[in-house]
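Note sheet for the following structure.
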Amino acid sequence: MKSLEVLAVELKQLIVESCERPVEPGSITNEELLFGPEARLALDSLDALQLSMAIQKRYGLRLTDSKETRRILSSVGHMAQVLETHLAAH
């Protein structure tokens with residue numbers, strides 16, 4: 001099973017690739033907000049769609065509820081926790 005640490009590193013790389021942001025994956029913290037005008041990366045709804053599709057393709061986790069998806073994708077830390085639980089159950 002993958003640790004939260006490993007998942008966080010993988011997710012940062014996934015964010016940079018799927019959302020095409022010109023930042024170093026390592027510069028993204030686990031707690032920083034990813035979406036909205038106050039977020040450094042300022043990801044939008046299209047980025048959320050691309051990211052959720054990339055997560056589904058890589059980890060088999062489908063994010064179907066938009067409210068829940070927004071909460072899960074809010075930070076790398078949230079995503080890693082949800083993925084760890086998902087991967088442990090499958």
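The values are calculated or read from the model by the stated rules, or taken from the named source; none is laboratory data. From a predicted model like this one, the values you see are computed outputs, not experimental measurements. Every residue, glycine as well, gets a Cβ built from its backbone with ideal geometry; the counts of neighbours run over all protein chains shown.
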Mind checking which residues of region 41-57 are closer than 22 Å to S27 by Cα and in contact (Cβ under 8 Å) with a residue 12 or more places away in the chain? L41, L43, D47, A48, Q50, L51, S52, A54, I55
Starting from region 71-90, keep only residues that are under 10 Å from N30 (Cα atoms), then list their pairs with residues that are surrounded by 16 or more Cβ atoms within 10 Å (Cβ to Cβ) and among the small types (G, A, S) whose Cβ atoms are within a distance under 9 Å, requiring at least 6 positions of separation or different chains. V76/A8; G77/A8; M79/A8; A80/A8
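Give the residues of region 1-40 that are farther than 25 Å from G60 by Cα and not acidic (D, E), sorted by residue number.
Applying the first criterion (farther than 25 Å from G60 by Cα) to region 1-40 yields 22-24, 27, 36-40.
Once the filter is applied, which keeps residues that are farther than 25 Å from G60 by Cα and not acidic (D, E), region 1-40 yields P22, V23, S27, G36, P37, A39, R40.
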From K57, K12, residue being surrounded by 18 or more Cβ atoms within 10 Å (Cβ to Cβ), of a type in the set (K, R) and at pLDDT 95 or above: K12
Looking at region 10-40 only, could you name the residues that are over 15 Å from A54 (Cβ atoms) and either free of Cβ contacts under 8 Å to residues at least 24 places away in the same chain or touching a strand residue (DSSP E or B) at 6+ places or on another chain (Cβ under 6 Å) (or both)? P22, V23, E24, G26, S27, F35, G36, P37, E38, A39, R40
